[in-house]
Amino acid sequence: MHLKYESQLREPLVYGDKTYKQVTEDIVRPIEAKPTKLWYIGFYIAVALLMFGVYSVYREVTYGIGQWNLNKTVGWGWDITNFVWWVGIGHAGTLISAILLLFRQGWRTGVNRAAEAMTIFAVMCAGQFPIFHMGRVWMAFFVLPYPNTRGPLWVNFNSPLLWDVFAISTYFTVSLLFWYSGLIPDFATVRDRAFTKLRKKLYGVASFGWTGSTKHWQRHESLSLVLAGLSTPLVLSVHTIVSFDFATSVIPGWHTTIFPPYFVAGAIFSGFAMVQTLMIIVRKVFGMEDYVTIGHIEAMNKVIVLTGSIVGIAYLTELFMGWYSQNKYEGYTFWYSRAYLFSPYGWSYWGMMACNVLSPQIFWFRKMRRNIFVTFFMSIIVNIGMWFERFVIIVTSLYRDYLPSSWSVYYSPTIWEIGFYAGTFGLFFTCFFLFAKYFPVIAIAEIKYVLKTTGEGYKNQMAGIEEQPLEDFVHQHAH
Amino acid sequence: MAKKKFVVGCFDDEAALFPAVKKVRTAGYKIHDVYTPFAVHGLDHALGLRETSLHTAGFIYGITGTSTALSCISWIFTKDWPLNIGGKPHFALPAWIPIMFELTVLFAAVGMVLTFLYICQLGPFVKKHHFHARATDDLFVMVIECTDKTNVDDLRGFLSSNGAIETDCQIAEEGWWIGKYDNDDMPFENKQIVVA
């Protein structure tokens with residue numbers, strides 16, 4: 001038997017001296033119990049929002065894109081802002097499960113399942129916007145390259161918009177596979193404990209007949225590791241390609257070489273903020289404070305302050321380049337349309353600066369990083385800020401173009417544009433509420449795997465071993 | 001599909017499991033499998049299982065994706081319908097890298113997951129015999145295949161003396177069948193074969 005050792009300087013990942021059985025019971029409890037009143041209220045609100053969204057989309061499909069306030073120069077407004085925002089949020093899940101797996105960060109085990117679920121739901125929401133932005137949504141399949149009777153007329157493989165189609169659909173598929181392959185063993189755990197017939201049947205189907213065989217675990221580990229290795233460049237590529245939608249154009253404010261790293265950092269930033277929002281609620285509602293500990297929250301806050309600062313440097317670099325290039329159009333966009341507070345959209349730029357760059361700096365203080373209320377509040381602020389960022393990039397670059405005669409009137413959304421956005425919130429939270437009720441929200445098998453090295457009980461045991469004289473230790477453990 | 005006889009030993013701690021695996025194998029018994037609630041590292045080596053080559057399959061699927069993307073796009077843009085885009089080259093390799101990369105990842109991921117499910121014989125509506133319901137909860141279940149020479153009582157005693165908290169003898173189907181987990185249907189005849 002290997003003697004595993006982890007430094008006492010690291011705080012436990014699982015609080016309480018738990019056994020494997022307790023881990024199962026704690027995590028499966030919400031599935032086996034009846035949902036609370038709060039769950040029903042939240043779920044119905046989400047469904048109501050979703051219905052409003054469905055109606056807004058119905059109007060857009062029936063009457064056309066004129067239901068939105070997009071105009072001559074502002075051809076991309078709330079819709080693409082929301083698309084980029086949701087895709088960005090969808091980055092944290094795969095980042096947590098893939099990149100942190102490769103970096104052997106043990107704390108990922110507490111939050112990866114929910115973060116991956118969040119990724120999948122966020123990408124589902126994101127996908128709605130470009131699809132319905134097409135206007136004639138029944139023609140959406142034209143983006144797929146297939147031999148057709150129109151020539152065959154192929155799609156343009158040199159276009160970033162087509163790269164986006166491939167990137168987002170690949171990202172969704174791979175995230176879904178990664179998530180589900182991790183869920184199989186946990187579904188088997190739920191199945192084998194189930195006492196109602198229906199639950200046994202449903203989780204029996206969902207668990208694919210998993211037995212826990214050593215050979216299967218060995219292959220499962222290999223699969224997870226390779227999927228993580230594939231997802232790591234994938235997650236970076238997806239937002240890079242989203243940024244290409246802008247960066248390969250010649251619009252001042254979009255035509256920027258720093259966009260890929262800047263977008264990726266922003267995506268991680270907003271994704272972690274959304275994970276914080278959700279996990280703080282989930283751990284409280286389901287009583288999972290022992291698994292999603294204050295240490296997990298602190299670790300995520302560190303990522304938030306890092307990526308928030310990267311995003312801040314990117315904003316400053318853009319301003320500098322707007323001046324340094326001495327290009328009139330660049331200068332106008334960055335220094336007038338954005339940075340000048342009293343320009344029509346100056347408020348959105350400074351809102352973005354305040355939410356994304358200034359306010360996360362409080363996470364330099366350990367006390368703030370470990371404060372649940374501050375974290376929850378900040379996680380919402382960051383997501384508002386990141387929404388502003390995309391709005392600033394899209395709208396302030398578009399509303400005044402090269403030709404003053406075509407400068408548009410002030411763009412503000414119609415109720416149906418807002419309704420569409422609200423509807424994606426409905427979709428997201430409907431899915432998340434169902435997930436929280438019917439799926440193990442924490443990866444049971446992975447928690448059990450780290451329990452013996454990082455659980456509180458085992459940490460204490462290790463502390464005892466550390467105080468032993470060397471001779472006794474060798475005597476006890478050498479073979 | 002056929003049934004076999006197995007002796008089952010349950011352990012509640014992986015620290016007891018490893019020495020037991022070693023002793024059982026040295027004593028010459030054939031371990032059918034060990035069912036664990038999570039991936040116990042090193043157990044595959046202790047059981048003498050070979051490394052999996054799933055990642056090699058993943059690599060092959062990946063390069064299949066890359067070459068699919070490259071060959072399709074280059075055929076479309078240079079042979080089938082050469083489109084003049086601002087006088088730029090028809091064979092615009094740098095612009096194709098994003099799609100080549102995405103298809104590499106897509107093919108590798110989908111291929112690996114399907115291969116994983118196939119070689120592990122997992123899928124919806126697949127049902128297998130479970131030697132212990134707690135094998136997915138908190139027990140490490142060692143299953144030893146019996147031959148006609150195996151003395152079941154001796155073996156159970158041997159397992160108990162090596163830390164098994166529970167032992168059992170079961171006659172079970174070792175393959176899978178189509179079934180649901182809410183009833184105990186077994187579509188096969190109860191034919192038992194004994195490995196010599």
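Among the residues of the stretch A:73-80, is there at least one that is within 19 Å of the chain's Cα centre (by Cα), surrounded by 22 or more Cβ atoms within 10 Å (Cβ to Cβ) and under 15 Å from A:MET300 (Cα atoms)? So far as the stretch A:73-80 goes, no, none of its residues is within 19 Å of the chain's Cα centre (by Cα), surrounded by 22 or more Cβ atoms within 10 Å (Cβ to Cβ) and under 15 Å from A:MET300 (Cα atoms).
Residues considered: A:ALA167, A:ALA188, A:ALA194. Of these, the only one that is within 23 Å of A:ARG113 (Cβ to Cβ), surrounded by 19 or more Cβ atoms within 10 Å (Cβ to Cβ), of a type in the set (Gly, Ala, Ser) and at pLDDT 90 or above is A:ALA188. All of B:PHE38, B:PHE18, B:PHE11, B:PHE6 fail the test of being surrounded by fewer than 20 Cβ atoms within 10 Å (Cβ to Cβ), aromatic (Phe, Trp, Tyr) and either touching a residue at least 12 places away in the same chain (Cβ under 8 Å) or not assigned by TED's automatic domain parsing to the domain that holds B:GLY111 (or both), apart from B:PHE18.
Might you let me know whether the stretch A:206-217 holds any residue that is of a type outside the set (A, V, I, L, M, F, W, C) and touching a residue at least 40 places away in the same chain (Cβ under 8 Å)? No: zero hits. Only a single item in (1) in contact with a Gly (Cβ under 7 Å, 6 or more places away or on another chain); (2) of a type in the set (Lys, Arg); (3) more than 8 Å from chain A (Cβ to nearest Cβ) is not met by B:ARG156, and it is number (1). Put simply, of B:VAL105, B:VAL152, B:VAL113 the only residue that is over 25 Å from B:ASP44 (Cβ atoms), of a type in the set (Val, Ile, Thr) and not assigned by TED's automatic domain parsing to the domain that holds B:VAL21 is B:VAL105. Contact annotation: residue pairs with Cβ atoms under 6 Å, 6 or more positions apart or on different chains, pairing a residue in the stretch B:55-83 that is facing chain A (nearest Cβ under 10 Å) with a partner that is in a loop (DSSP other than H, G, I, E, B), are B:ILE73/A:PHE157; B:ILE76/A:TRP154; B:PHE77/B:HIS90; B:TRP81/A:TRP154. Restricting attention to the stretch A:96-152, which residues are more than 14 Å from every other protein chain (Cβ to nearest Cβ), assigned to a loop (DSSP other than H, G, I, E, B), of a type outside the set (Gly, Ala, Ser) and out of contact with any Leu (no Cβ under 8 Å at 6 or more places or on another chain)? Correct list: A:PHE103, A:GLN105, A:MET134, A:ARG136. Scan the stretch B:49-61 and give yes if some residue there is within 27 Å of A:TYR20 (Cβ to Cβ) and in contact with a strand residue (DSSP E or B) (Cβ under 9 Å, 6 or more places away or on another chain), otherwise no. Scanning the stretch B:49-61, I find no residue that is within 27 Å of A:TYR20 (Cβ to Cβ) and in contact with a strand residue (DSSP E or B) (Cβ under 9 Å, 6 or more places away or on another chain), so the answer is no. The single condition among (1) touching a Lys or Arg at 6+ places or on another chain (Cβ under 9 Å); (2) not assigned by TED's automatic domain parsing to the domain that holds B:GLU166 that B:THR64 does not meet is (1).
Could you please give the count of residues in the stretch A:186-221 that are more than 7 Å from chain B (Cβ to nearest Cβ) and either over 17 Å from B:THR115 (Cα atoms) or part of a helix (DSSP H, G or I) (or both)?
Residues flagged as more than 7 Å from chain B (Cβ to nearest Cβ) and either over 17 Å from B:THR115 (Cα atoms) or part of a helix (DSSP H, G or I) (or both) within the stretch A:186-221 amount to 11.
Assessment of the stretch A:399-407 against the conditions (within 14 Å of chain B (Cβ to nearest Cβ) and not in a helix (DSSP H, G or I)) yields no matching residue.
How many residues does the stretch A:252-310 hold that are in a loop (DSSP other than H, G, I, E, B), charged (D, E, K, R) and crowded, with 19+ Cβ neighbours inside 10 Å?
Applying the first criterion (in a loop (DSSP other than H, G, I, E, B)) to the stretch A:252-310 yields A:252-258, A:286-293.
Adding the requirement that they be charged (D, E, K, R) leaves A:289-290.
After this cut, where a residue has to be crowded, with 19+ Cβ neighbours inside 10 Å as well, the list is A:290.
Qualifying residue count for the region: 1.
Entry remark, the stretch B:1-48: residues being part of a loop (DSSP other than H, G, I, E, B) and within 22 Å of A:ASP192 (Cα to Cα) number 7 in total. Return yes or no: is A:ALA228 in contact (Cβ under 8 Å) with a residue 40 or more places away in the chain and not acidic (Asp, Glu)? Judged against the criteria, A:ALA228 is a match.
In this entry, A:ASP245 passes the filter for residues that are charged (D, E, K, R), more than 11 Å from chain B (Cβ to nearest Cβ) and either closer than 24 Å to A:SER181 by Cβ or in a helix (DSSP H, G or I) (or both). Among the residues of the stretch A:95-116, just one is aromatic (Phe, Trp, Tyr) and surrounded by 21 or more Cβ atoms within 10 Å (Cβ to Cβ), namely A:TRP107. Listed conditions (1) surrounded by fewer than 23 Cβ atoms within 10 Å (Cβ to Cβ); (2) more than 7 Å from every other protein chain (Cβ to nearest Cβ) are all met by A:HIS239, apart from (1).
Residue pairs whose Cβ atoms lie under 8 Å apart, separated by 6 or more positions or on different chains, with the first residue in the stretch A:153-169 and more than 9 Å from chain B (Cβ to nearest Cβ) and at positive phi and the second of a type in the set (Lys, Arg) and assigned to a helix (DSSP H, G or I), do not occur. If I ask for residues that are acidic (Asp, Glu) and modelled with pLDDT of 90 or more, which ones from the stretch B:121-144 would you list? Selection gives nothing. With respect to A:LEU403, determine if the residue is modelled with pLDDT of 90 or more, aliphatic (A, V, I, L, M) and over 30 Å from A:THR277 (Cα atoms). So A:LEU403 does not fit the description; no.
Among the residues of the stretch A:170-185, write down those that are among the aliphatic types (A, V, I, L, M) and more than 10 Å from chain B (Cβ to nearest Cβ).
If the condition is that a residue be among the aliphatic types (A, V, I, L, M) and more than 10 Å from chain B (Cβ to nearest Cβ), then A:LEU183 is the only one that fits.
The values are calculated or read from the model by the stated rules, or taken from the named source; none is laboratory data. Bear in mind that the values here come from a model prediction, so they are computed numbers and not experimental data. Don't worry about glycine lacking a Cβ; one is built from the backbone with ideal geometry, like all the others, and counts go over all protein chains shown.
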